[in-house]
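The values are calculated or read from the model by the stated rules, or taken from the named source; none is laboratory data. Keep in mind that what you see is a predicted model, and the values were worked out from it rather than measured. Every residue, glycine as well, gets a Cβ built from its backbone with ideal geometry; the counts of neighbours run over all protein chains shown.
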Amino acid sequence: MMKKAVFIVFLGMAGLSAISAQAMPNPWIECEDNISRGAQKAGFNFPLRVENYTVRAMEGMLELRFPLDEKRKVIMRKSTTAEGEADENGIIDISGDYNQYPVNKTVTLENGVKFSVRGDEDNYKVANFAAESGYYSIVCGEGLTLQNIEYFYKLLEEAEAPRFNEEEPKTLEQLQDARRVDDIVEPVFTQDCFPKTLQKKGVTAECFERANLGDDTFCSASQIKMIRDYYKKGQENDPLNDGSGNFCAE
């Protein structure tokens, strides 16, 4: 009788565990190298200028993973709705790294920006800072130097810098007006036609047109590479030829 009771209790606990697991779905969606899909999920854009990245996102947070060099990989996050206790500098740790490290302190860059860092002495595994545009974290299991953190801050600063003198245009028409009237947007590319070869490879019309207007955030990394390769090939041959016998000018 006692063994049966214990067995029933065990089944009840197992059932509760299964219910708990079902009640906590994974909030992240994997976006491969599609930053625009991640931006739609997070609710904001994060056009970080890095290569070979992968993206994942949840509501209010966007994460990019990419190699720093042959031995080190970096995880960078941005959140606009971070929850948690802020330190004296208004910084909230959004890294998701809960490891304990011997060093936990604040460092100040030459420009006065403060970072909360954790790790070993002069070899930081986690760095967080806050700005008007959101909260940011940098994680590297192999460790970062202060110079590395300064480099990443410059990337973040560039990513968050306004691309236009006024409010950033949201439509293609506004982008075109900004380039034509104010000459504010410097196009990444040089032609505005939509080559058939790129269409066949999966480049969308919106991605191609916005890239020509200096806004590549609606393209995946692979699409940007295909567009760049297309223009490079055109410059080496006939600048109006899309590489398949179809002339862009037509």
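On the stretch given as the stretch 142-156, residues that are polar (S, T, N, Q) and either free of Cβ contacts under 8 Å to residues at least 60 places away in the same chain or outside the structural domain of ASN111 (by TED's automatic domain parsing) (or both) total 2.
Being within 10 Å of the chain's Cα centre (by Cα) and not in a strand (DSSP E or B) is true for just one of SER36, SER95. Which residue is that?
SER36
A search for C-beta distances below 6 Å between a residue of the stretch 17-45 that is polar (S, T, N, Q) and any residue that is crowded, with 19+ Cβ neighbours inside 10 Å and at pLDDT 85 or above, counting only pairs 6+ apart in sequence or on different chains, returns ASN45/ALA39.
Conditions (1) over 24 Å from TRP28 (Cα atoms); (2) among the basic types (Lys, Arg); (3) surrounded by 13 or more Cβ atoms within 10 Å (Cβ to Cβ), marked per residue:
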| position | (1), (2), (3) |
| --- | --- |
| VAL74 | no, no, yes |
| ILE94 | no, no, yes |
| ASP97 | no, no, yes |
| ASP120 | yes, no, no |
| ILE138 | no, no, yes |
| LEU146 | yes, no, yes |
| ILE149 | yes, no, yes |
| GLU158 | yes, no, no |
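Scanning the stretch 101-113 for residues that are at pLDDT below 95 and not β-branched (Val, Ile, Thr) returns LEU109, GLU110, ASN111, GLY112. In the set (1) modelled with pLDDT of 65 or more; (2) touching a Phe, Trp or Tyr at 6+ places or on another chain (Cβ under 8 Å), the condition left unmet by VAL185 is number (1).
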